[in-house]
Amino acid sequence: MKIAILGTGAYGIALATMFFENNCNISMWSKFDDEVKYLDNFRKSKLLDIDIPKEIYFTTNMQECVDSANLIVIAVPAQFVDDISLELKKHIKKDQHICIASKGIEKDTCLFVADVLEKHIKNKNLAIISGPSFAIDIANKVPIGLSLGTKSKETEILLKRTLENQHLKLRATDDIIGIEICGSIKNVIAIASGMLSGMGMSESTQAMFITESLHDIKELIKILGGNKNTILSFAGFGDLLLTCTSSKSRNFRFGQMIGEQRPKDEIEKFINSTTIEGLHTLESIYDLLNRKKAKIPIIDLIYSIVLGKEKPDALKKFLITKD
C-alpha cells in the first residue's frame, strides 16, 4: 500500500512512522529543497528526536510523490492547504483517497480545511483525522486515539487498515464538520487556558474553564451544522483536555505569555518564530460568527484579550458571570 504525505513537519513525520509500522510504502513531499536534503541525508527530524527509516522517500516533486498512491495525506499548516490543493489538483486521480491531518480555518474565506480542499478537488473519498496527539507522542508509539471523519466507507476501511495498529486507534464518524470545528477551536480555547495558567490560576479554575468551554463548543457545532455529540469524541473533549493542560502546546504557551503579561516584543518574537494555529483560527472563527450573526461569548472575549482591548483578568469575571 503506497501512502503519500504532503508536509514534512513533525506531525507528518510522526504519522509516517505509524504507516511504516503497518508495512506501507511511504513518500513524503516538501516544497523546500534544503529540508528534503536534510531529512534524506541525516534521517533525523529537526523537530522530533527519532530516527527516520531509510525506506521513507523524500521529494520536492509532488507528482512523483502522489503517483500511484492509494492514500494522500495532507499534513501542512491550514494556511497552506489552498496552495497545496491547487498543485495537487494537477496530479491526483479520481480513485485516490485523501486524508486531511491539518486543522484550522482559512483566513478571509473562513472556510474549514476540507472546504478549502474541495474548492479545487472534488473527491468523494475524503477523510479528516483529529484528536489528542502531540507528534512526539505518536512518534514514541504511546497509545493514541484519533477521530476519523468521513462519509466514505471505503476511505474508512483504507485508513483503518493502514494507520490503526497496536499503538493507534481510530474511531469513525460521518460528522466531518463537527470534527473540524473541534480540531480547530480547541487551539483557540488553549490560548485562554494558557492565560489562566500564566495568571497563576489553580487547577480547579482550569477545570471550570474547560467544562464551560465544552458547552460553548457544543453550541458552535450546532450553529455550524454539525452533530453536537461530537464534542464527546477524541477530537472534542480528548483534544481539548490535552491542548488546554499541556505546556507542549504552542497555543497554551502563547496564552501563558499573555497571562504573565510578558513584554510585547517578546510575545511578537514568539508569534513570528512559532506556528500558533489558534491565533489564525481565532481571527477566522470571530469573522465567521459575525457573518452568521451568531454569538459565542468566550470567542469574543479571547479575541478582545489577544488584541489588547481587555486584560487577561477579564477571564476570571467571565467564568463567574457566564450564563
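If you average the sequence gap of Cα pairs under 8 Å that are 6 or more apart and divide by the length of the range 167-323, what percent do you get for the contact order?
On the way: 192 pairs, mean separation 51.0, N = 157.
Over the range 167-323, the number comes to 32 percent.
Label separation (Ala314 vs Ser204): 2.6 nm, computed from points 7 Å beyond Cα along the C-beta direction.
Could you state the orientation-averaged shadow area of the convex hull built on the Cα atoms of the range 17-89, in nm² to one decimal? Each step should come with its number before you reach the end.
Numbers: hull surface 21.1 nm².
Its Cα hull, projected and averaged over all orientations, spans 5.3 nm².
For the range 86-206, report the % of Cα-Cα distances exceeding 17 Å. When every Cα pair of the range 86-206 is considered, 64 percent fall beyond 17 Å. For the chain, the percent of C-alpha pairs falling in each 10 Å distance bin, counted from 0 to the bin holding the largest distance, reads 6, 27, 34, 23, 9, 1.
Can you tell me which of 72-78, 316-322, 189-195 comes out highest on packing, and rank the rest after it, using the mean Cβ neighbours within 10 Å? Don't skip to the end; give the middle numbers.
Numbers: 72-78: 24.4, 316-322: 12.4, 189-195: 28.9.
Ranking the peptides 72-78, 316-322, 189-195 by packing returns 189-195, 72-78, 316-322.
Just to be sure I understand: with springs between alpha-carbon atoms less than 10 Å apart, which residue in Gly149, Gly225, Gly131 has the highest mean-square fluctuation in the Gaussian network model of the chain? Per the Cα network of the chain with a 10 Å cutoff, Gly225 tops the list.
Site pair Lys37 and Asn25 shows an inter-label distance of 2.8 nm when each label is modelled 7 Å from Cα along Cα→Cβ.
Our Cα-only numbers for the range 220-266 put the radius of gyration and Dmax at 14.7, 41 Å. In this calculation the C-beta distance from Asp174 to Ile223 is compared with R0 = 22 Å, giving a FRET efficiency of 0.70.
Extents of the range 167-323, taken as max minus min of Cα coordinates on every principal axis and listed largest first, are 45, 41, 31 Å.
What is the Cα convex hull volume of the range 46-135 when expressed per residue in Å³?
Details: hull volume 11.2 nm³, N = 90.
Convex hull volume per residue, Cα atoms: 125 Å³.
Largest GNM mean-square fluctuation across Glu64, Glu219, Glu55, computed for the chain with C-alpha springs under 10 Å, falls on Glu55.
Net length available on complete extension from Glu164 to Lys46 is 39.9 nm, with 0.36 nm assigned per residue and the Cα-Cα distance removed.
Could you work out how much longer the chain between Arg262 and Gln63 gets when fully extended? Use 0.36 nm per residue separation minus the Cα distance between them, nm to one decimal.
Values: separation 199, 0.36 × 199 = 71.64 nm, distance 4.56 nm.
The span from Arg262 to Gln63 would gain 67.1 nm if fully extended.
Spread over its residues, the convex hull of the C-alpha atoms of the range 239-292 is 100 Å³ per residue.
Excluding same-chain neighbours fewer than eight residues apart, the aspartates and glutamates reachable from Lys222 by a Cα-Cα span under 17 Å are Asp174, Asp175, Glu180, Glu212.
Which of the trypsin sites (Lys or Arg not before Pro) found in the range 208-296 are in a DSSP loop and have at most 12 neighbouring Cβ atoms, other than their own, within 10 Å?
Working: sites: Lys218, Lys222, Lys228, Lys248, Arg250, Arg253, Lys264, Lys269, Arg291, Lys292, Lys293, Lys295; in loops: Lys248, Lys292, Lys293, Lys295.
Answer in residue order: Lys292, Lys293, Lys295.
Build a GNM of the chain with springs between Cα atoms under 10 Å apart, and of Ile136, Ile157, Ile210 the one that fluctuates most is Ile157.
For the chain, what does the helix formula give at 222 nm: sum of -39500 (n - 2.57) over DSSP H segments with n ≥ 4, over the residue count, nearest 500 deg cm²/dmol? Could the numbers behind the result be given before it?
On the way: 15 runs with 162 residues, N = 323.
Value at 222 nm, helices only: -15000 deg cm²/dmol.
Of Lys122/Lys248; Lys269/Lys311; Lys2/Lys141; Lys94/Lys153, which pairs sit farther than 25 Å apart, going by alpha carbon to alpha carbon? Checking Cα-Cα distances, Lys122/Lys248 exceed 25 Å.
Here, each number is a calculation from the coordinates, and none is a lab measurement. Only a predicted model underlies this, so the values are computations on that prediction, with no experimental measurement involved. Glycine gets a Cβ as well: all are built from the backbone with ideal geometry, and neighbour counts include every protein chain shown.
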